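Below is one structure, written out as structure tokens; comments come after it.
Readers should treat all values here as calculations from the given coordinates under stated rules, not as data from a laboratory. In this text the structure is predicted, and so the values were computed from the model without any measurement. When we count neighbours, we look across all protein chains shown, and the Cβ atoms used for this are built from the backbone with ideal geometry, even at glycine.
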Amino acid sequence: MSTDAIVLLKEDHKRIRKLFRDFQQAGDGAKVAKGKIVDQIIEELTVHTYLENEIMYPAVRKALPDLEDDVLESYEEHHVADVLCMELFAMKPDDEHFDAKTTVLIENVTHHIEEEEQEWFPKVREGLGRKELQEIGEAMIAKRDDAPRKPTQPSALKKAVDAVIA
């Protein structure tokens with residue numbers, strides 16, 4: 001298994017995209033299935049954004065100050081996803097806004113993933129190099145098991161509240 005941070009994040013993206021496709025292909029009447037898929041989406045996104053916010057982004061900000069604006073934009077995109085995840089977490093699949101809110105989440109996160117993979121990751125790879133990316137990846141692996149899985153867990157909730165207050 002690779003410890004390269006970018007490889008690890010792309011693996012997360014792949015799992016998240018699959019869940020998005022599963023939701024989109026579930027069909028209009030598949031409320032129970034969609035609810036289970038959204039639970040998985042929320043968990044994947046909660047872990048993923050936590051690892052990026054706590055490990056990847058601070059490391060990049062410190063090592064590559066020229067990418068500061070990109071990192072700040074990514075924090076804000078994560079904030080939008082966090083808010084949507086918190087709202088979806090509190091909803092039932094038969095709520096009339098459930099599918100629409102999930103669709104907005106999918107659109108926002110898909111945009112974020114595409115930007116990261118096509119624009120930001122190449123800049124980070126060039127600026128940091130293999131050794132640093134492996135060290136960041138190792139730190140992400142070490143924290144993954146302790147990462148929040150639900151938007152209501154204290155560390156995830158604190159981040160969301162801090163972002164709103166800031």
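Remark: for residue pairs 36/101; 14/150; 14/34; 62/143; 10/131, the C-alpha separation exceeds 27 Å in no case.
Could you please state, rounded to a whole Å, how far the C-alpha centre of the range 18-72 is from the C-alpha centre of the range 129-154? The two parts, judged by their Cα centres, are 13 Å apart.
Per-residue Karplus couplings for the range 133-140, computed as 6.51 cos²θ - 1.76 cosθ + 1.60 with θ equal to phi - 60°, are listed in order as 5, 5, 5, 5, x, 4, 5, 5 Hz, Gly and Pro entered as x. Residue exposure proxy: 95, 146, 4, ordered by other Cβ atoms within 10 angstrom of their Cβ from fewest to most, comes out as 146, 95, 4. What the Cβ-Cβ distance of residue 117 and residue 145 gives, at R0 = 30 Å and to the nearest 0.05, is a FRET efficiency of 0.75. Could you work out how far helix 5-25 tilts from the main Cα principal axis of the chain, as a 0 to 90 degree angle to the nearest 10? On a 0 to 90 degree scale, this one is about 10. The simple spin-label model puts a point 7 Å past each Cα toward its Cβ; for residue 21 and residue 89 those points are separated by 2.8 nm. Computed over the chain, the per-residue total of -39500 (n - 2.57) for DSSP H runs of n ≥ 4 gives a 222 nm mean residue ellipticity of -24500 deg cm²/dmol, rounded to 500.
With +1 on each Lys and Arg Cβ and -1 on each Asp and Glu Cβ, how big is the dipole of the chain about its Cα centre, in debye rounded to the nearest 20?
Details: 23 positive and 36 negative charges, 134 e Å.
With only Lys, Arg, Asp and Glu charged at Cβ, the dipole is about 640 debye.
Computed from label points 7 Å out along Cα-Cβ, the spacing between residue 62 and residue 31 is 4.9 nm. Remark: relative contact order (the chain) = 40 percent; criterion is Cα-Cα distance under 8 angstrom and separation of 6 or more residues.
Relative to the longest principal axis of the Cα atoms of the chain, the long axis of helix 68-89 lies at roughly 20 degrees.
The angle between the Cα long axis of helix 98-115 and the main principal axis of the chain comes to about 20°, on a 0 to 90 degree scale.
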